[in-house]
Amino acid sequence: AAKRAGGGAVTYDASVHDHHSALRLELARELRTAVAQREQLVLHYQPQVSLSSGRDDGRDPSRAVLTGVEALVRWQHPTHGFLPPCEFLPLLEQTDLAHPFTALVIDTALDQAQRWHLAGYEVPVAVNASAQCFTHPGFVEQVARALHRRALPARLLRVEITEEALVVDPGRAATVISDLRGLGVSTSIDDFGTGYSSLSYLRRLPVDELKLDRSFVTGLGADGPGVPGAPAGEPRGDEVLVASVVDLAHRLGLHVVAEGVEDPREVRVLRSLGCDTAQGYLYGRPAPAEQLSPELLETTRPSWRWVPAQRVAGP
Ligand code: C2E
Ligand code: MG
Ligand code: MG
Ligand code: MG
């Protein structure tokens with residue numbers, strides 16, 4: 001609200017606000033072009049590694065076994081440089097671009113999955129679906145066509161959704177999740193624990209995986225205060241929480257991925273709690289597909305599992 005100060009000057013500077021909305025409008029217009037051209041929006045890929053392989057205890061991340069990658073979008077903007085998703089995803093939700101954008105992300109991710117597949121690697125690629133797209137009537141059909149066009153096995157695609165998408169229309173979400181499962185595409189709940197954590201939906205939704213939000217992972221294994229009132233030497237609060245989520249998930253037949261793993265101490269605790277998979281800077285930052293470590297990629301060859309001794313021994 002504009003306020004008149006003493007001499008009648010308006011202290012609220014409307015020009016700042018106008019400047020921002022003008023910028024936002026322009027960015028929305030440019031995003032439309034970027035989605036149509038399909039050149040400026042690029043995907044980076046971040047490794048997900050097994051915590052149950054026995055090869056990796058977090059001390060030597062190069063011994064990790066790759067279980068998949070997550071595709072994360074970036075905008076190579078002609079004048080503003082490299083923009084992270086938080087800078088432009090909110091714009092998508094306000095426009096009709098969400099669907100063509102998601103189609104672009106799925107096509108790009110599957111093109112990459114196909115390149116790896118043709119080279120003999122099995123690298124499931126996880127894509128993030130916005131709440132709006134996920135429940136769109138054409139979504140499953142679009143996924144089916146994208147896989148079919150490339151003759152790509154459905155197991156090479158995973159779809160990540162946030163808890164928001166589930167609460168907006170739980171019935172619809174359940175249908176979409178089962179339809180995806182019907183195709184052979186698995187689903188993950190992203191940022192688990194930060195949203196509308198009504199655990200009861202887990203029982204009803206045929207999801208395959210929980211991605212434990214980074215906020216629960218950061219600091220695991222570090223010294224710090226335990227549960228309030230608990231005797232010294234008892235596990236920390238985070239650890240109790242993660243242990244319970246892993247236990248619950250496993251009882252429901254779900255995998256658990258820990259997000260934002262940066263420290264080997266976190267790996268040690270996650271492994272001891274039976275967490276299945278880890279993703280985080282410790283194992284690799286999101287990067288162009290060509291930058292994925294060849295050693296990691298090699299661990300996805302179907303034949304690799306039969307010759308682990310040679311691989312482990314190294315040169
Ligand atoms: P997300 O799906 O939870 O992705 C994980 C985010 O955590 C990514 O941020 C990733 O770079 C970051 N991250 C991974 N490991 C670490 C770590 O060890 N430490 C820290 N501090 N951060 C880590 P990013 O790439 O900025 O993406 C942010 C969010 O944007 C994603 O969160 C996802 O919700 C959304 N997003 C990204 N790509 C897409 C997309 O193609 N479509 C849609 N709808 N949303 C997307
Ligand atoms: Mg995600
Ligand atoms: Mg996440
Ligand atoms: Mg997150």
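The values are calculated or read from the model by the stated rules, or taken from the named source; none is laboratory data. These figures come from a predicted structure and were not determined experimentally. So basically every Cβ, Gly included, is an ideal-geometry build from the backbone, and we count neighbours across all protein chains shown. Just so you know, the surface numbers come from the protein's heavy atoms only, side chains and all, with ligands and any DNA or RNA stripped out. Shrake-Rupley method; radii C 1.70, N 1.55, O 1.52, S 1.80 Å.
Here are the numbers:
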| quantity | calculated |
| --- | --- |
| Beta bridge orientation in the chain: antiparallel %, DSSP, nearest 5 | 45 percent |
| Area accessible to solvent at L104, 1.4 Å probe radius, in Å² | 10 Å² |
| Distance in nm between pseudo-label sites at L252 and R155 (7 Å out along the Cβ direction from Cα) | 2.4 nm |
| Between 0 and 90°, nearest 10: helix 139-149 axis offset from the chain longest Cα axis | 60 degrees |
| Cβ-Cβ FRET estimate between D111 and D223, R0 fixed at 35 Å, reported to 0.05 | 0.15 |
| Per residue value of the accessible surface for the chain (all protein chains in place, 1.4 Å probe), Å² | 51 Å² |
| Tilt relative to the chain, helix 170-183 - C-alpha long axis, 0 to 90 degrees, to 10 | 50 degrees |
| Percent accessible area from carbon and sulfur atoms, the chain, protein chains only, probe 1.4 Å | 54 percent |
| For L51, distant residues with modelled amide H under 5 Å away | T277, A278 |
| Extension reserve of the R59-S21 stretch, reckoned as 0.36 nm per residue once the Cα distance is removed | 8.9 nm |
| Sequence-separation-based contact order of the chain, relative, with Cα cut under 8 Å and 6+ spacing, percent | 20 percent |
| Label point distance in nm, E39-E290, each placed 7 Å from Cα along Cα→Cβ | 1.7 nm |
| Tilt relative to the chain, helix 14-37 - C-alpha long axis, 0 to 90 degrees, to 10 | 50 degrees |
